[in-house]
Structures are given as C-alpha cells and as structure tokens.
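Notes follow the structure.
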Amino acid sequence: MSKRRTLVSANWKMNGSLDSIRQLVRAISQGMTQETEPEVIICPPSVYISELAEILKKTDIGLGAQNVSHLECGAHTGEVAPTMLKDFACKYVIVGHSERRMFYSENDSRIAEKFVAVQANGMIPILCVGELLEERESDCTKEVISRQLDAVIELAGIMAFKEAIIAYEPVWAIGTGKTAIPEQAQEIHEFIRSRLARHDHEIADGIRILYGGSVKADNAKQLFELADIDGGLIGGASLVADDFLTICHSAR
Ligand code: PGA
C-alpha cells in the first residue's frame with residue numbers, strides 16, 4: 001500500500017496576464033473541495049509569484065516556481081535567486097524542465113546545481129527527467145534517465161531525495177497531445193524508483209514521482225491509478241480551470 005500523497009502541479013509556463021491568472025486561480029480555488037483533494041500547487045510565471053502568494057494564502061493550494069538561478073546573488077541580469085522565491089513562500093521549484101534543457105542549454109550539472117540551491121534555501125525541487133523521441137526510438141530511454149538522475153545524486157547525495165519530487169516527462173509527449181500509454185509511463189516510473197533504490201530503498205519508496213506530458217481531464221485518472229505514478233505535472237490543461245479541476249479530482 002502506498003503512503004505517498006498524490007501531488008498535482010500546474011505548470012503555467014509563459015502564459016497569462018495579471019487579469020487572466022487572477023481569474024484562473026479564483027476559479028481553481030473555488031472548485032476545490034476539501035479533504036479528498038490531493039496536494040495541489042501552482043507554478044506561475046515568476047513575475048506573478050508575489051500576486052499568487054497573496055491570493056493562495058487564503059487557500060490550500062501551494063506555490064511553486066518554474067525555474068531559479070543556481071546562484072545566490074550578484075551580477076546576473078534577468079535571473080531570480082532562490083532567496084527571492086523564498087521571500088514569497090514558494091514551497092516548490094521545478095528544475096530541469098525539458099524546455100530549459102532544450103531552449104536554454106541547461107545541462108545535467110547545471111540542473112544538479114539548481115537542485116542543490118533550491119534545497120539549500122529550504123524549498124523542494126521538482127526534478128524533471130525525460131527522453132527525446134529519437135532517444136526513445138533508439139532504445140536509450142533508460143540510459144538518458146539514468147544519466148539525468150545520476151548527475152543530481154552525485155552532487156546532492158541520495159539523502160537529498162528525501163525532500164524532493166521527480167517528474168517523468170517524456171519530451172515527445174509535452175504539449176503534443178501524445179501521452180505515454182499507461183504501460184510506458186509505469187515502466188519508466190518503476191525504473192526511476194529502482195534506480196534510486198540502488199542507493200536507498202526507503203528514499204525510493206517514499207519519493208513522489210509525477211507524470212507529465214499531455215495529461216488531460218480524460219486520461220489523468222488512468223495514469224494516477226498506476227502503482228508508481230504519484231500525481232502529475234500539468235501544462236496546457238492547467239490553463240483551463242475546469243480541466244485542471246477534473247485532473248485534481250481524478251487524483252483522489
Ligand atoms: P503539457 O506540459 O501538459 O502541456 O504537455 C507538461 C509540462 O511541460 O510540464
């Protein structure tokens with residue numbers, strides 16, 4: 001029996017306006033029912049973090065960030081330091097999202113540094129891992145995931161995963177409408193857990209592993225029911241209150 005509490009995280013990416021995010025968060029919080037809900041968090045664009053921090057104070061929804069600098073402060077134009085996120089009661093920070101890896105050249109070692117910086121500031125990293133389509137097609141999925149995980153284990157140590165979340169996001173499924181079929185997702189989630197278990201069984205059993213990549217209102221339940229899937233990281237569908245709420249309700 002799993003004792004892991006399901007987590008559903010909205011990743012709004014670079015979408016919305018002050019008006020639209022206010023409306024969206026109001027609709028989401030009004031649609032939440034207590035007790036039976038999973039843990040729900042929202043990761044807005046960073047400029048809206050202070051606004052959401054105020055609004056979410058009165059709700060059970062937690063706050064996360066989509067990215068952070070690996071550095072503490074200084075001459076780094078455009079960057080946001082971990083302490084700045086902490087000032088607004090951010091609890092979680094996504095690190096290593098495939099869009100950061102692909103479009104902003106973040107490599108495994110930079111992502112590991114971010115993971116460490118997030119924890120050093122008392123927040124919880126959501127470490128994203130996942131393979132490209134060509135990597136899946138050439139049967140390299142497990143190799144890629146192992147490399148991505150090992151970089152962080154090497155720098156942070158396995159015990160750091162006690163206060164961390166992992167999100168498996170096959171890159172070919174993100175924003176494409178192609179979801180991994182439940183068997184594919186479960187296989188990789190189980191693999192991630194076994195990779196951590198090589199170092200520490202308790203950590204491997206306790207860690208929450210989210211699935212991300214075209215999770216929608218009509219496929220969430222099927223995915224969340226699988227043994228090693230402990231929730232979801234939701235992009236597109238988290239921008240529509242009704243869809244996101246249906247996803248949250250399916251994670252009971
Ligand atoms: P998607 O995005 O749900 O739109 O596929 C998921 C993500 O990138 O976190």
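The values are calculated or read from the model by the stated rules, or taken from the named source; none is laboratory data. Note that the structure is predicted; figures quoted are calculated from it, not measured. Please note: Cβ atoms are built from the backbone with ideal geometry, for glycine as well, and neighbour counts cover all protein chains shown. These area figures cover heavy atoms from the full protein model, side chains too; ligands, DNA and RNA do not enter into them. Shrake-Rupley method; radii C 1.70, N 1.55, O 1.52, S 1.80 Å.
Numbers at a glance
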item: Any pair with Cβ under 6 angstrom, 6 or more apart, that starts in the stretch 9-32 at a residue that is over 11 Å from Ile61 (Cβ atoms) and ends at one that is open to solvent by 40 Å² or more (accessible area, probe 1.4 Å) and within 16 Å of the ligand (Cβ to nearest atom); result: Asn15/Leu239
item: Residue list for the stretch 65-99, restricted to those being within 16 Å of the ligand (Cβ to nearest atom) and acidic (Asp, Glu); result: Glu99
item: Ile192, sole failed condition from (1) touching a strand residue (DSSP E or B) at 6+ places or on another chain (Cβ under 6 Å); (2) open to solvent by 30 Å² or more (accessible area, probe 1.4 Å); result: (2)
item: Scan of the stretch 68-89 for residues that are open to solvent by 10 Å² or more (accessible area, probe 1.4 Å) and touching a residue at least 40 places away in the same chain (Cβ under 8 Å), ordered by number; result: His70, Leu71, Glu72
item: Test for Arg208: is it open to solvent by 10 Å² or more (accessible area, probe 1.4 Å), more than 10 Å from the ligand (Cβ to nearest atom) and closer than 21 Å to Ile42 by Cβ; result: yes
item: Residue count, the stretch 30-43 (criterion: touching a strand residue (DSSP E or B) at 6+ places or on another chain (Cβ under 9 Å) and more than 13 Å from Lys91 (Cα to Cα)); result: 3
item: Top-ranked residue in the stretch 222-237 [being out of contact with any strand residue (DSSP E or B) (no Cβ under 6 Å at 6 or more places or on another chain) and closer than 26 Å to Gln23 by Cα; ranked as nearest to the ligand (Cβ to nearest atom)]; result: Gly236
item: Only listed residue being touching a residue at least 40 places away in the same chain (Cβ under 8 Å) and aliphatic (A, V, I, L, M), chosen from Ala197, Ala227; result: Ala227
item: Any hit, the stretch 102-113, residues being surrounded by fewer than 24 Cβ atoms within 10 Å (Cβ to Cβ), in contact with a Leu (Cβ under 8 Å, 6 or more places away or on another chain) and not in a helix (DSSP H, G or I); result: no
item: Near pairs, Cβ below 7 angstrom, 6+ apart or cross-chain, from the stretch 166-193 (within 18 Å of Gly236 (Cα to Cα) and free of Cβ contacts under 8 Å to residues at least 40 places away in the same chain) to any residue that is open to solvent by 10 Å² or more (accessible area, probe 1.4 Å) and more than 9 Å from the ligand (Cβ to nearest atom); result: Lys178/Trp172
item: Of the criteria (1) assigned to a loop (DSSP other than H, G, I, E, B); (2) open to solvent by 10 Å² or more (accessible area, probe 1.4 Å), which one Glu131 fails; result: (2)
item: Odd one out for Val240, checked against (1) more than 15 Å from the ligand (Cβ to nearest atom); (2) among the aliphatic types (A, V, I, L, M); (3) open to solvent by 20 Å² or more (accessible area, probe 1.4 Å); result: (1)
item: Residue in the stretch 153-169 that is under 20 Å from Ser9 (Cα atoms), within 10 Å of the ligand (Cβ to nearest atom) and in contact with a strand residue (DSSP E or B) (Cβ under 8 Å, 6 or more places away or on another chain) present; result: yes
